[in-house]
Amino acid sequence: MEKTGGHKKEDDKAILKKETAFTTLKIASHEPLTSRLQRTVCEKCNKKRKYFCYTCFSPLTDGVPTLVLPIHIDILHNPSESVSKSTAVHCKVLCPNQVDIHEYPYIPEFDPLETIVLFPVKTAIAVSDLTDEDLKLIKRVIFIDCQWHSTNKFISNPNVKRLKCIKIRKQKTLFWRAKAEGPSYLSTIEAVYYFFREYHIRLSGGYNGEYDLSLIHISEPTRLLS
């Protein structure tokens, strides 16, 4: 979306506020990203990319650690939306063995006893309200990666509809590519971050930056834009 001169000062303040928010997170050094000045050729597909290949889900920078998650992630992606702009790729790059990305209309069957969906329907249960029995059973969490107006075809799919929905607390996006719907609409990687943050707090009673690394690829562009 094009910015007009009249909104420039307000936009600069918003970017600065987001940069300040990132400084409170325990994110690994940005040096592996800042040292990458040019695009490089992905060895798998021979296409030029910068920090990672969004076609092969391969990291193209050395020094960015991987992230270990307590449960598996399944991401349902809308193929009509460009994967190059999807932050779901960040998750796959950082957690290659614990993330599967499925292209709609393909949605696999999931075990309803051990799978939950992050989606704020009226009956959704807050992560903080999950029972001890829920926590023992949960082995997979599903995230829907699409624009808000396209979510219905995912949530109404029989393989998704039969699953329990959970929700996170309302948050404001830190992503530099803000959504047109408003600041409370998060990017997929932010939804992943806030879910695991709340999940960790529910399990252990506290949080010490265990999943902050998940935001490294959106924090660096914000820092550069400021």
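No value in this document is a laboratory result; all are computed from the given coordinates. Treat the numbers as computed from the prediction; the structure is a model and nothing was measured. All Cβ positions, even for glycine, are placed from backbone atoms using ideal geometry, and neighbour counts span all protein chains on display.
Results, tabulated for the structure shown:
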quantity: For segment 119-203: rounded, prolate or oblate by the Cα gyration tensor [a/c cutoff 1.5]; calculated: oblate
quantity: Hz values of 3J(HN,Hα) by residue in segment 34-39 - Karplus curve (6.51, -1.76, 1.60), Gly and Pro given as x; calculated: 5, 7, 8, 8, 10, 6
quantity: Rough spin-label spacing in nm, given labels placed 7 Å along Cα→Cβ, for residue 109 and residue 36; calculated: 3.9 nm
quantity: Cα-based Rg of segment 83-226 normalised by 2.2 N^0.38 Å, two decimals; calculated: 1.04
quantity: Phi-based couplings in Hz for segment 105-115 (Karplus 6.51, -1.76, 1.60; Gly and Pro marked x); calculated: x, 6, 9, x, 7, 10, 6, x, 7, 10, 10
quantity: Length-normalised contact order for segment 10-141 - Cα pairs under 8 Å, 6+ apart - percent; calculated: 19 percent
quantity: Stokes-Einstein D for segment 19-95, Kirkwood Rh over Cα pairs, 25 °C, 0.890 mPa s (µm²/s); calculated: 174 µm²/s
quantity: Too-long pairs where the Cα-Cα distance tops 22 Å, listed order kept, from 44/153; 50/167; 122/164; 26/47; calculated: 44/153; 50/167; 26/47
quantity: Chain lengthening between residue 139 and residue 45 when straightened (0.36 nm per residue, less Cα-Cα); calculated: 30.6 nm
quantity: Gyration tensor verdict on segment 63-152 (Cα atoms; rounded if a/c is under 1.5, prolate if a/b is larger than b/c, oblate otherwise); calculated: oblate
quantity: Protection proxy ranking, peptides 193-201, 63-71, 102-110, 86-94, average beta carbon neighbours within 10 Å, highest first; calculated: 86-94, 193-201, 63-71, 102-110
quantity: If the convex hull is drawn through the Cα atoms of segment 121-170, its volume per residue in Å³; calculated: 98 Å³
quantity: Cα-centred dipole magnitude for segment 87-156, charges only on beta-carbon of K, R (+1) and D, E (-1), debye, nearest 20; calculated: 220 debye
